[in-house]
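Below: one structure, written as structure tokens.
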Amino acid sequence: MKKCFLSVLLALLIVGCSCTTVYADTTQKQEEKEVVLEEKKVTATEGCSATDLQNLFNENADGKYELTIEIPAGTYKLTQTLYVHPNTTIEADEEAVFEQQSLYGTILEAQLPKDSIGYDGSHDITVEGGIWDCTPVMKGEKGTDIFRFMHCQDIVVVNAVFRNVPEDSHMLVFEGVKNASITNCKFYGYQNWKSTEVTEAIQFLSNDVACDDIEVVGCEFYQLSRGIGGNTAKGKYHINIKIDSNEFHDISETAVYVKNYKKSRISGNRIENAEGSGIYVTTSPEIRILNNTITKAGKTAIYIYKSGGSDANNCSKIGNNTITGKKSGTGKHGIEIRNSKYTAVYTNELTNIGGTGIYVYKSKNCKLGLGSNTYNTIENVTEKGIYVNKACDGTKVSYNKITGTKQEGISAQSSKKLTISRNTISAGTHGILVKNNCTSAKISNNTIKKASKNGIYVSTKCKGIEVTSNTIKKYATKVKDGSGIYVHQAGGISSKKYSSISKNKITGTGKSTKKYGIRVSSSGFTKVESNTLNYIAGTAVHVTKSKKCVIDKNTIKMPNEFGIYVATNCDKTKIRSNTLKKTGSTSIYIKDAPKTLVYANTVTAKKNKKGIVVSNSASSTIKTNTITGTSETFAIKILKSKFEKYFY
């Protein structure tokens, strides 16, 4: 901006063009190499014509003054576009109404030199106040713009009202503008706003250059199809756009639509009753969506597509937003991330969501929750709490608090090297579901407070998974069969790369004997070790159709059925160093599992309950087990197994 130095004030009354003009003589400081302009002030006559106003604007046709144009309250019926020149400030009274009388074009735009390029067309223009009104042409057959600035820089629009445009219209357009602000303005009224084709009130466009360093702050938008939007030519990005602390309500499509922005921010906005998304971001890398409040969006509240970061240090961020949905229909997610790698989602509060709380699709290396003080809170959702779906390799889901889901608390599929840790979950079906080729997933330190089905369920070709240090308090609360942890078709890769279920704490609930503590099926090369299982309604550790598994160092207390049950094609299973107390049935039961090794286990059996039973499991080894609490007759039973190598 220019620096103007007032040296001598000369008050001159000039009559003509229905205005009063005041001049001030200024000087130039050559040593600062700045052009110091002569200040000049003119005042319009109340209700004067568009021609009269343009004559005032033309006082600065060469941009040689620091011109201020004062426009008093009144109604100004405009029949032509007003062209404003560089170094001009328009100070319109808050009750000055500028009415567009016909669809001749924009109400106001910057006068540009011929063949303007870059940001050098016009500059240093301020418009303050006024009601800029298209009501007389609102039902017209073609669109218009109220303000348009192209190839400009240093533009300020403040305390203005824009209202009642016809269909296919914009209220304020910036095309190739740098260093501009739109502050404390009001935008409302769009013909057929509930059913018309989508058009933005504020539109950012590019020509040979995109927009750079623009802020929209403290404005209000309503009765529009879209609040803020825009686009660029291919390969160009609007940069450093800040959309902060605005209010949007009664929007028929999306409140804020961002396409081809970069390193920009959408922060502190309040959005209510947008029938589309609250915030929709596409092809806009390194975007920040922070501290917004979105209520009752018709579709996904915050949606980003192809808008992630370049690496972990330059990620997109969605943080500290409060989202309250309608909780009706499906697919209306709280936050949806698609094809947007390196996106961090943290400290958001999501309630009454019609779809899934946070939905991530084909987005690698995302972080959903960052730490013990930067977690997401998700309550009362119609679908899943968090859903990580397809090719989200390296994504981390951590520290989130999820309650009241009708489906899974956390669900993931078809993604490698996932981390799901330190979440607290109460869910309508499974607490955590991981399936379909989620190789090398790590599920650790989660607390499942309540799950209607399985606490943690891993299935279908999820090789090399780790399920460790989780606490599962209630599971299978609405079904007769379920498990604290269930691993199905998700074993290890080889004896050098096991799947692991370790150090988990599981407390049983209910009375059904089909409710298992840990269940492993069709999952060879799985280690079940150092888990604590108390009061399981059915069997504590239930393994079927899973070869070369290891069941080691588990502590099992008072299950209603078996302590450890291994059956059907479980060849070469190792059951060692487990501690079992007062199981409801046989403590360790082996069936159809040849070459099983059972050794160094400590069993405290109930009276007249069997300690170890081996059935139809040739070439098995049973040694150095300690069995107390039952008679020698019931301590160890061998059935249809003639080829044990050792028997101690």
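Conditions (1) closer than 17 Å to GLU466 by Cβ; (2) touching a Ser or Thr at 6+ places or on another chain (Cβ under 9 Å); (3) not polar (S, T, N, Q), marked per residue:
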residue: ILE485; (1), (2), (3): yes, no, yes
residue: GLN489; (1), (2), (3): yes, yes, no
residue: LYS503; (1), (2), (3): yes, yes, yes
residue: GLY508; (1), (2), (3): no, no, yes
residue: SER512; (1), (2), (3): no, no, no
residue: VAL520; (1), (2), (3): yes, yes, yes
residue: GLY524; (1), (2), (3): yes, yes, yes
residue: GLU529; (1), (2), (3): yes, yes, yes
Testing SER512 on (1) open to solvent by less than 40 Å² (accessible area, probe 1.4 Å); (2) of a type outside the set (A, V, I, L, M, F, W, C); (3) free of Cβ contacts under 8 Å to residues at least 12 places away in the same chain, one condition comes back false. Which one is that?
(3)
Verdict on THR633 being among the β-branched types (Val, Ile, Thr) and assigned to a loop (DSSP other than H, G, I, E, B):
no
Tally of residues being touching an Asp or Glu at 6+ places or on another chain (Cβ under 7 Å) and not in a strand (DSSP E or B) across the range 66-79
2
Starting from residues that are hydroxyl-bearing (Ser, Thr, Tyr) and within 12 Å of the chain's Cα centre (by Cα), keep the ones in the range 356-376 and report whichever is farthest from GLY394 (Cα to Cα).
THR356
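A quick yes/no check of all residues on (1) open to solvent by less than 30 Å² (accessible area, probe 1.4 Å); (2) in contact (Cβ under 8 Å) with a residue 40 or more places away in the chain; (3) under 37 Å from the mean Cα position of the chain (by Cα):
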| site | (1), (2), (3) |
| --- | --- |
| GLY118 | yes, yes, yes |
| GLU128 | no, no, yes |
| VAL137 | yes, no, no |
| ILE146 | yes, yes, yes |
| PHE149 | yes, yes, yes |
| ASN159 | no, yes, yes |
| ARG163 | no, no, yes |
| HIS170 | yes, no, yes |
Taking the range 180-204 and keeping only residues that are open to solvent by 40 Å² or more (accessible area, probe 1.4 Å) and either closer than 21 Å to VAL127 by Cα or in contact (Cβ under 8 Å) with a residue 40 or more places away in the chain (or both), one is left with ASN184, LYS186, TYR188, TRP193, LYS194, SER195, VAL198
From LYS299, LYS317, LYS332, which residue is without any contact (Cβ under 8 Å) to a residue 60 or more places away in the chain, crowded, with 22+ Cβ neighbours inside 10 Å and of a type in the set (Lys, Arg)?
LYS332
Going by the structure shown, is ASN554 under 22 Å from TYR498 (Cα atoms) and within 43 Å of the chain's Cα centre (by Cα)?
yes
Hey, any hits in the range 222-237 for a residue that's crowded, with 18+ Cβ neighbours inside 10 Å, modelled with pLDDT of 95 or more, over 23 Å from ALA160 (Cβ atoms) and out of contact with any helix residue (DSSP H, G or I) (no Cβ under 9 Å at 6 or more places or on another chain)?
yes
Residue hits (the range 359-376; open to solvent by 10 Å² or more (accessible area, probe 1.4 Å) and outside any loop (DSSP other than H, G, I, E, B)) are TYR359, TYR361, LYS367
Among THR343, THR447, THR395, THR356, which is the only one that is among the β-branched types (Val, Ile, Thr) and open to solvent by 10 Å² or more (accessible area, probe 1.4 Å)?
THR447
Pairs needed: first member in the range 464-484, buried (at least 17 other Cβ atoms within 10 Å of the Cβ); second member anywhere, of a type in the set (Lys, Arg) and at pLDDT below 95; C-beta distance under 8 Å; at least 6 residues apart or different chains.
GLY464/LYS497; GLY482/LYS514
Single condition ILE636 does not satisfy, out of (1) at pLDDT below 90; (2) within 56 Å of the chain's Cα centre (by Cα):
(2)
Taking the range 516-533 and keeping residues open to solvent by 20 Å² or more (accessible area, probe 1.4 Å) and either within 19 Å of LYS474 (Cα to Cα) or touching a helix residue (DSSP H, G or I) at 6+ places or on another chain (Cβ under 9 Å) (or both) leaves TYR516, ARG519, THR532
Among the residues of the range 43-65, what is the count of those that are in a strand (DSSP E or B) and surrounded by 22 or more Cβ atoms within 10 Å (Cβ to Cβ)?
2
Odd one out for GLU379, checked against (1) crowded, with 24+ Cβ neighbours inside 10 Å; (2) outside any loop (DSSP other than H, G, I, E, B); (3) among the acidic types (Asp, Glu):
(1)
So which strands (runs of 3 or more DSSP E) stay within the range 251-353 end to end and still have 2 or more residues that are in contact with a Gly (Cβ under 7 Å, 6 or more places away or on another chain)?
256-259, 270-274, 343-346, 349-353
Can you tell me which residues in the range 81-116 are of a type in the set (D, E, K, R) and buried (at least 20 other Cβ atoms within 10 Å of the Cβ)?
GLU109
Could we say that ILE266 is open to solvent by less than 10 Å² (accessible area, probe 1.4 Å), touching a Ser or Thr at 6+ places or on another chain (Cβ under 8 Å) and closer than 18 Å to THR322 by Cβ here?
no
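A quick yes/no check of all residues on (1) hydroxyl-bearing (Ser, Thr, Tyr); (2) modelled with pLDDT under 95; (3) over 29 Å from ILE378 (Cβ atoms):
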position	(1), (2), (3)
ILE214	no, no, yes
ASP244	no, no, no
ASP250	no, yes, no
PRO285	no, no, no
ILE304	no, no, no
LYS317	no, no, no
Of the conditions (1) in contact (Cβ under 8 Å) with a residue 40 or more places away in the chain; (2) touching a Lys or Arg at 6+ places or on another chain (Cβ under 6 Å); (3) over 15 Å from THR630 (Cα atoms), LYS582 clears all except one; give me its number.
(3)
Residue count for the range 398-443, restricted to those that are over 16 Å from HIS333 (Cβ atoms), open to solvent by 10 Å² or more (accessible area, probe 1.4 Å), not in a strand (DSSP E or B) and not β-branched (Val, Ile, Thr)
10
Residue among ILE564, ILE501 that is within 26 Å of THR460 (Cβ to Cβ) and within 36 Å of the chain's Cα centre (by Cα)
ILE501
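The values are calculated or read from the model by the stated rules, or taken from the named source; none is laboratory data. Fair warning: this is a prediction, and the values are worked out from it, not measured in the lab. Positions of Cβ are generated from backbone atoms using ideal geometry, with glycine treated the same way; all protein chains shown enter the neighbour counts. The area values use the complete protein model at the heavy-atom level, side chains included, leaving out ligands, DNA and RNA. Shrake-Rupley method; radii C 1.70, N 1.55, O 1.52, S 1.80 Å.
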